[in-house]
Amino acid sequence: MNPSSTFRIAVLPGDGIGPEVMRPCVELLETAVALVGGFDLSLEWHVAGAAAFRDTGQALSAATLAACGTADAILFGAMGLPHIRYPDGTEIAPQLDLRNEFGLFAGVRPIRSIPGVASPLRSVDTRPIDFVIVRESTEGLFASRGKGVIEDNREARDTMVITRDVSEKLFAFSFELAKQRAKVGGIGRVTCADKANVFKSFAFFRQVFDEQAVRFPGIKADHVYIDACSMLMVMRPWQFDVLVTENMFGDIISDLGAALIGGMGYAPSGDFGVAHGMFQPSHGSAPDIAGQDKANPTAMFLSAAMMLDWLGKRHAQPTAIAAGKLIVQAVDEAFASGALVTCELGGDAGTKAVADAVLAALRVSATVGETAQNR
């Protein structure tokens with residue numbers, strides 16, 4: 001357990017709508033902590049992102065990087081602005097630097113239906129969707145970031161890298177996650193999505209997956225080619241439990257998964273390494289709607305809940321786990337009636353309306369829970 005019961009959180013609000021969804025997220029976090037008790041958060045704010053690069057020449061300063069390295073967790077806002085780029089034309093993306101710096105090999109993207117939130121599949125099947133994409137986040141095709149070559153303006157090459165060390169950790173993480181999900185009603189299955197029929201790198205990826213699967217005899221293990229996976233995610237997403245894949249593939253199908261549950265505004269994520277965790281919404285900085293009270297803060301809220309759950313499990317602090325569950329429950333209750341419809345789904349509920357509704361539901365949930373305990 002954290003001896004002081006206080007967790008230091010490096011807060012990086014980011015660009016565009018990043019600060020707009022971070023502010024109510026912090027209020028929600030602080031309220032949940034106060035309602036549950038038993039631990040505390042020390043929030044330390046730091047600058048990073050495209051605006052920081054524009055103003056200082058550094059998208060991620062040494063001081064910010066050091067602060068992230070010593071924090072108990074990183075709470076990361078959306079970053080990047082399309083008109084601000086590095087000299088080579090690539091976008092500002094400090095999250096990629098942090099993943100590489102701290103070895104955050106497992107990008108966890110929960111794809112979970114929220115009651116009352118419209119899905120394009122609800123018209124044909126009302127079953128809730130609940131699976132997790134685990135995206136390898138430090139190598140794969142992204143290993144070529146900043147290293148690609150263009151020869152004589154006639155040919156360009158980027159190289160994909162799959163290593164045994166990272167793949168073993170990734171698959172062990174995925175099977176352990178499936179074990180935990182099985183305890184609360186999950187299928188108990190890990191599916192490897194690859195292109196092993198075409199590329200040696202993916203054949204190797206699958207080989208390491210099969211080797212790791214033997215270590216988890218109680219969990220089902222199967223494979224799917226990534227193109228078929230994309231089809232099945234739309235036609236039969238209920239068959240998936242934990243879906244693990246390479247970096248670029250994971251980047252793509254995470255957006256597809258988000259679409260199944262209402263859009264990027266409902267899609268949280270966490271990046272996990274051996275010693276560090278970073279939590280951020282899956283969406284981008286959306287500068288086209290910045291400052292207009294249109295941004296959906298739900299993904300940011302659910303990412304913060306993931307952070308509390310991870311901190312609680314990592315430091316044997318059950319009250320942190322309870323606070324994370326309280327936030328998830330409040331999100332579900334705020335949307336359950338179907339009356340709260342966010343802008344991306346054709347409604348008029350913006351940042352403030354969603355934040356107020358979730359905060360109100362949080363307080364009610366905590367009161368109901370406290371009353372039940374006192375009976």
- Message: Looking only at the range 284-320, how many residues end up being touching a Gly at 6+ places or on another chain (Cβ under 6 Å) and either among the hydroxyl-bearing types (S, T, Y) or under 17 Å from D251 (Cα atoms) (or both)?
- Response: 4
- Message: Go through the range 289-325 and report how many residues are surrounded by fewer than 23 Cβ atoms within 10 Å (Cβ to Cβ) and under 15 Å from E27 (Cβ atoms).
- Response: 0
- Task: Output yes when any residue across the range 259-268 is among the hydroxyl-bearing types (S, T, Y) and closer than 21 Å to L340 by Cα, and no when none is.
- Result: yes
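Just to be sure, is D125 farther than 24 Å from C229 by Cα and among the charged types (D, E, K, R)?
Details: farther than 24 Å from C229 by Cα: no; among the charged types (D, E, K, R): yes.
Judged against the criteria, D125 is not a match.
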- Query: Tell me, which strands (runs of 3 or more DSSP E) lie completely within the range 204-299 with 2 or more residues that are closer than 15 Å to F175 by Cα and not basic (K, R)?
  - Reply: 220-225, 242-245
- Looking at K325, K313, which one is of a type outside the set (A, V, I, L, M, F, W, C), assigned by TED's automatic domain parsing to the domain that holds R99, free of Cβ contacts under 8 Å to residues at least 12 places away in the same chain and more than 26 Å from A48 (Cβ to Cβ)? K313
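The rows are residues; the columns are (1) surrounded by fewer than 18 Cβ atoms within 10 Å (Cβ to Cβ); (2) of a type in the set (S, T, N, Q); (3) under 18 Å from A361 (Cα atoms).
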{"site": "R8", "(1), (2), (3)": "yes, no, no"}
{"site": "P13", "(1), (2), (3)": "no, no, no"}
{"site": "M22", "(1), (2), (3)": "no, no, no"}
{"site": "L28", "(1), (2), (3)": "no, no, yes"}
{"site": "A32", "(1), (2), (3)": "no, no, yes"}
{"site": "V36", "(1), (2), (3)": "no, no, yes"}
{"site": "D40", "(1), (2), (3)": "yes, no, no"}
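A quick yes/no check of all residues on (1) of a type in the set (A, V, I, L, M, F, W, C); (2) buried (at least 16 other Cβ atoms within 10 Å of the Cβ):
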| residue | (1), (2) |
| --- | --- |
| G148 | no, no |
| E151 | no, no |
| T159 | no, no |
| F171 | yes, yes |
| A178 | yes, yes |
| G186 | no, yes |
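Rundown of residues vs (1) modelled with pLDDT of 95 or more; (2) charged (D, E, K, R); (3) under 30 Å from L243 (Cα atoms), yes/no style:
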| site | (1), (2), (3) |
| --- | --- |
| P13 | yes, no, yes |
| I17 | yes, no, yes |
| A32 | yes, no, no |
| A62 | yes, no, no |
| R85 | no, yes, no |
| G103 | yes, no, yes |
- Cβ-Cβ below 9 Å, separation at least six or inter-chain, first residue in the range 76-104 and in contact (Cβ under 8 Å) with a residue 60 or more places away in the chain and on the phi > 0 side of the Ramachandran plot, second among the β-branched types (V, I, T) and outside any loop (DSSP other than H, G, I, E, B): which pairs? G103/V166
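Every residue, every condition in (1) closer than 30 Å to G69 by Cα; (2) surrounded by 22 or more Cβ atoms within 10 Å (Cβ to Cβ); (3) out of contact with any Pro (no Cβ under 6 Å at 6 or more places or on another chain); (4) modelled with pLDDT of 95 or more, yes or no:
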position	(1), (2), (3), (4)
A213	no, no, yes, yes
K220	no, no, yes, yes
D241	no, no, yes, yes
N247	yes, yes, yes, yes
M264	yes, no, yes, yes
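From the set of residues in the range 43-65 that are under 20 Å from G284 (Cα atoms) and either out of contact with any Leu (no Cβ under 9 Å at 6 or more places or on another chain) or of a type in the set (F, W, Y) (or both), which is surrounded by the most Cβ atoms within 10 Å (Cβ to Cβ)? First the steps, then the outcome.
Kept after step one, since they are under 20 Å from G284 (Cα atoms), are these residues of the range 43-65: 45-54, 58-60.
Those left that are additionally either out of contact with any Leu (no Cβ under 9 Å at 6 or more places or on another chain) or of a type in the set (F, W, Y) (or both): 45, 53, 58-59.
Details: W45: 13, F53: 21, Q58: 15, A59: 24.
The selected residue is A59.
Scan V244, V274 and give me the residue that is outside the structural domain of I162 (by TED's automatic domain parsing) and over 29 Å from S365 (Cα atoms).
Values: V244 fails: outside the structural domain of I162 (by TED's automatic domain parsing).
That would be V274, the only listed residue that is outside the structural domain of I162 (by TED's automatic domain parsing) and over 29 Å from S365 (Cα atoms).
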- Item | Test: residue in the range 280-301 that is among the charged types (D, E, K, R), more than 28 Å from S167 (Cα to Cα) and touching a helix residue (DSSP H, G or I) at 6+ places or on another chain (Cβ under 8 Å) | yes
- Could you check, for the range 269-282, whether at least one of its residues is over 21 Å from the mean Cα position of the chain (by Cα) and either of a type in the set (K, R) or within 21 Å of S137 (Cα to Cα) (or both)? no
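The values are calculated or read from the model by the stated rules, or taken from the named source; none is laboratory data. Just so it is clear, the model here is predicted, and its values are computed rather than measured. Neighbour counts are summed over all protein chains in view; Cβ atoms, including those assigned to glycine, are modelled from backbone coordinates with ideal geometry.
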